[in-house]
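To start, the structure itself, in structure tokens.
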Amino acid sequence: MREEFSNSSDDGRFERQLAERLAALRLAAGWSLDELATRSGVSRATLSRLERAETSPTATLLSRLARAHGLPLSRLLADAEALPVRLLRAADQPRWHDQQSGFERRMCCPPLAGFATEVIEAVLAPGAELAYDEPTVARLEHHLCLLEGTVSLTLQGQLFALMAGDSISFRVLGRSVFANPGSQPARYLLAMTVPSL
């Protein structure tokens, strides 16, 4: 007998949230639909329909997907049950300060299940430099808005000089360097979005 979630309005909302959660998990892992199909034994077509909430998942399908992601089925369902709205007061936003590099980071909008974008506010001290040899996520989308100061951004050997009010959008494909060549702190907002595959 096929096990399905019912089609009531509440369950319909849950299925949409579950679809968003499944898509977010796959994107966070950096897997294409084809790769997840290979790992889970669920067809690409079915995965695509699940992520668009066009079909109701069976318990067997969810178990296979949870196993592919290394999660207990209960955790997968619990994450999907969370309401897709989060209010995070300024005082509760995580902060981190690297004394050695002169880099401060405030997670304005930390990662959230079902969402592909996070937003940070960063401050670079005068003379500070942050170098990343490779991106943590391939082709991670970045949108940087410089609020105060100056920033020199090097992407794959190409230098971009930003002044207050400037913005730049890019995908990280290799080495990147964020530096503050000025005499005042540089403050910017950075939105990062996991790419859709």
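The values are calculated or read from the model by the stated rules, or taken from the named source; none is laboratory data. Bear in mind the structure is a predicted one, so any value in this text is a computation, not a measurement. As a convention, Cβ positions derive from the backbone with ideal geometry for all residues, glycine included, and neighbour counts pool all protein chains shown. All accessible areas refer to the heavy atoms of the entire protein, side chains included, with ligands and DNA or RNA removed. Shrake-Rupley method; radii C 1.70, N 1.55, O 1.52, S 1.80 Å.
For the reader, a short list of remarks on this structure follows.
- Single condition R106 does not satisfy, out of (1) open to solvent by 50 Å² or more (accessible area, probe 1.4 Å); (2) out of contact with any His (no Cβ under 8 Å at 6 or more places or on another chain); (3) at pLDDT 90 or above: (1)
- Among the numbered conditions (1) more than 21 Å from T193 (Cα to Cα); (2) open to solvent by less than 100 Å² (accessible area, probe 1.4 Å); (3) not in a strand (DSSP E or B), the only one that R75 does not meet is (2).
- The residues on offer are A122, A164, A116, and the sole one that is closer than 30 Å to R16 by Cα and hydrophobic (A, V, I, L, M, F, W, C) is A116.
- Scanning region 145-182 for residues that are buried (at least 17 other Cβ atoms within 10 Å of the Cβ), among the β-branched types (V, I, T) and in a strand (DSSP E or B) yields T150, V151.
- Residues located in region 26-60, provided they are among the aliphatic types (A, V, I, L, M), open to solvent by less than 30 Å² (accessible area, probe 1.4 Å) and without any contact (Cβ under 8 Å) to a residue 60 or more places away in the chain: L36, A37, V42, L47, L50
- Meets criteria (free of Cβ contacts under 8 Å to residues at least 12 places away in the same chain, of a type in the set (A, V, I, L, M, F, W, C) and closer than 17 Å to L189 by Cα) for A90: yes
- Flag for D10 being modelled with pLDDT under 85 and surrounded by 15 or more Cβ atoms within 10 Å (Cβ to Cβ): no
- Which listed residue, of A138, A116, is touching a helix residue (DSSP H, G or I) at 6+ places or on another chain (Cβ under 7 Å) and either farther than 21 Å from P185 by Cα or open to solvent by 60 Å² or more (accessible area, probe 1.4 Å) (or both): A116
- Look at (1) under 25 Å from E15 (Cβ atoms); (2) among the hydroxyl-bearing types (S, T, Y); (3) at pLDDT 85 or above and you find that S56 fails only one, number (3).
- Subset of region 153-197 [aliphatic (A, V, I, L, M) and more than 19 Å from the chain's Cα centre (by Cα)]: L153, L155, L159, A161, L162, M163, A164, V177, A179, A186
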